[in-house]
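Working notes for the structure below.
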Amino acid sequence: FTLVDPLTGPGKGVKFSDVAGLSEAKQEVMEFVDYLKRPEHYKALGAKVPKGALLLGPPGCGKTLLAKAIATEANVPFLSMAGSEFIEMIGGLGAARVRDLFKEARKRAPCIIYIDEIDAVGRKRSGESGGPTGASGESEQTLNQLLVEMDGMASKENIIMLASTNRADILDRALLRPGRFDRHILIDLPNLIERKQIFEQHLKGIALEYGPSHYSHNLAYLTPGFSGADIANVCNESALHAARFKQTQVNKSNLDYAVERLVGGTEKRNHALS
Ligand code: ATP
């Protein structure tokens with residue numbers, strides 16, 4: 001797994017202000033930040049803070065970004081692992097990785113554990129009714145270990161578990177029970193206003209002919225269905241295009257070119273998904 005220490009790690013610095021839009025989601029996760037900063041206050045009041053939350057939504061819309069921002073804002077370590085990394089393991093190694101992850105988290109608490117693409121490990125087990133996508137023996141063991149670790153985690157340990165998925169429908173229901181990932185936060189594709197904000201965020205780092213706000217409104221109109229990752233891509237692609245022509249600044253035609261290129265890509269992708 002990857003560990004990002006808030007003081008020394010490479011992910012240092014993703015703040016709430018770097019996450020454009022998603023105001024409702026940010027509002028919801030503020031409680032975790034506050035809890036990690038002053039757990040004793042919650043305990044004194046007898047309040048039980050949720051152990052974990054599931055971030056739901058399509059790829060590239062800021063789930064990982066938001067999870068990292070929670071760690072930065074609360075100034076705690078961020079331990080992350082992709083669900084797919086667990087299931088690549090064979091011979092009981094997946095379950096051992098889960099144990100290691102929680103062991104490390106206990107050492108570093110207060111901290112955040114983030115499991116990206118939890119659906120890779122958290123598919124419905126074969127015993128559960130609900131579908132042809134039953135988990136294999138190996139990932140079943142891994143999932144069981146995950147459930148055991150979550151249940152064994154006392155609230156006094158100050159560990160917040162976050163996980164992301166874009167396939168909540170295939171998750172084993174045991175993961176969603178109270179005391180596990182019982183809180184769900186939707187991180188959806190950005191709307192027009194949010195796309196404008198994300199463009200402004202990413203255009204800040206580009207050497208533009210005019211300021212970001214000169215372009216952002218128009219770009220937001222041209223890009224319905226784009227995720228935050230697509231928008232970041234457009235901005236970078238426009239700079240690459242400008243570099244190719246030895247320009248010293250990125251202009252409207254570079255941005256138009258990048259949108260055009262990415263529109264083709266997202267159309268193909270959405271078609272393939274539908
Ligand atoms: P996946 O499910 O594919 O892991 P994700 O939802 O976790 O996707 P992120 O990794 O958070 O997506 O986003 C990918 C990149 O897209 C970010 O590093 C960032 O550059 C950009 N991005 C996505 N959403 C936003 C946003 N709301 N504000 C600013 N940038 C964003």
Pseudo-spin-label distance S17 to S213, built 7 Å along Cα→Cβ, given in nm, is 1.6
The extension gain from K37 to I193, computed as 0.36 nm times the residue separation minus the Cα-Cα distance, is 53.0 nm
Checking S23, S164, S216 against a Gaussian network model of the chain (alpha-carbon springs below 10 Å), the top fluctuating residue turns out to be S23
Ignoring ligands and nucleic acids, Y215 exposes an accessible area, probe 1.4 Å, in Å² to the nearest 10, of 10
Beyond 22 Å, the calculated P(r) of the range 112-260 holds a percent of Cα-Cα pairs equal to 56
Bounding extents of the range 48-94 in its principal axis frame from Cα atoms, largest first in Å, are 38, 27, 21
Counting Lys and Arg as +1 and Asp and Glu as -1 over every other residue whose Cβ sits under 11 Å from the Cβ of F181, the net charge comes to +3
About its Cα centre, the range 146-274 carries a charge dipole, from +1 on Lys and Arg Cβ atoms and -1 on Asp and Glu Cβ atoms, whose size in debye to the nearest 20 is 180
Check: in the range 20-112 the Lys pairs 8 or more apart or on separate chains whose Cα atoms fall under 21 Å apart number 17
In the chain the accessible area split gives carbon plus sulfur, as whole percent at 1.4 Å, a share of 53
In whole angstrom, largest first, the equivalent ellipsoid semi-axes that the Cα gyration tensor gives for the chain are 36, 23, 16
Between the Cα axis of helix 93-108 and the main Cα principal axis of the chain, the angle (0 to 90°, nearest 10) is 90
FRET efficiency for A229 and R106 from the Cβ-Cβ distance with R0 = 35 Å, rounded to 0.05, comes out at 0.60
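How many Å² of accessible area per residue for the chain, probe 1.4 Å? The partial results should precede the final answer.
Details: 13500 Å² over 274 residues.
Heavy-atom accessible area per residue stands at 49 Å².
The values are calculated or read from the model by the stated rules, or taken from the named source; none is laboratory data. Just so it is clear, the structure is predicted and the values come from calculations on it, not from any experiment. Cβ coordinates were reconstructed from backbone atoms using ideal geometry, including for glycine residues, and neighbour counts include every protein chain displayed. Accessible surface is based on the protein model in full, side chains and every heavy atom, while ligands, DNA and RNA are left aside. Shrake-Rupley method; radii C 1.70, N 1.55, O 1.52, S 1.80 Å.
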